[in-house]
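Worksheet: the structure to be examined is printed underneath.
The values are calculated or read from the model by the stated rules, or taken from the named source; none is laboratory data. Treat the numbers as computed from the prediction; the structure is a model and nothing was measured. A quick note on method: Cβ atoms are made from the backbone with ideal geometry, for glycine too, and the neighbour counts reach across all protein chains shown. Remember, those area values only see protein heavy atoms, side chains included, never the ligands or the DNA or RNA. Shrake-Rupley method; radii C 1.70, N 1.55, O 1.52, S 1.80 Å.
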Amino acid sequence: QLQLVESGGGLVQPGGSLRLSCAASGSTLAAHSIGWFRRTPGNSRDGVSCIADNGNTDYADSVKGRFTISRDNGKNTVYLQMNSLKPEDTGVYYCAVTMRRYHNCIMTPIQDSWGQGTQVTVSS
């Protein structure tokens, strides 16, 4: 079964950058749409970005122009490059398989099991 492990989080000052990794094992992620989600203090998981198997992407309005999602199928990994970070970006970031509609990903998770996530803290 597909297992996803997040890494790359840390503490960064406003305006800084981080690159998160979502490493897959147990199966290839090449055939899946993968999304990044952020858990807020209210315990909700909000969609941040997703990438379809064909490379089509989508972003939440709050991160558009600052974040870039990509995938390296040879490494079985999905990345989230986060630039111009803001305190509002703080949270625990998780990756998950998402829904698909036609050729696009939808920022709705379809898996029931979540990994540990990786903490991102943006603060001065």
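Shape analysis of the stretch 54-124 yields a ratio of the Cα radius of gyration to the Kirkwood radius, Rg/Rh, of 0.96. For the stretch 25-54, backbone nitrogen atoms closer than 16 Å to the point 7 Å from residue 102 Cα along Cα-to-C-beta are found at 52-54. Label reach from residue 56 (point 7 Å along Cα→C-beta): in the stretch 75-115, amide nitrogens under 17 Å belong to 98-109. Rolling a 1.4 Å probe over the protein heavy atoms gives the stretch 25-80 an accessible area of 45 Å² per residue. Expressed as a whole percent, the accessible area of the chain that falls on carbon and sulfur atoms is 46 (1.4 Å probe).
Expressed in units of 2.2 N^0.38 Å, where N is the residue count, the Cα radius of gyration of the chain is 0.97. Computed from point charges on the beta carbon alone (+1 for Lys and Arg, -1 for Asp and Glu), the dipole magnitude for the stretch 30-80 about its Cα centre is near 200 Debye. Between the beta carbons of residue 73 and residue 39, assuming R0 = 22 Å, the FRET efficiency works out to 0.25 to the nearest 0.05.
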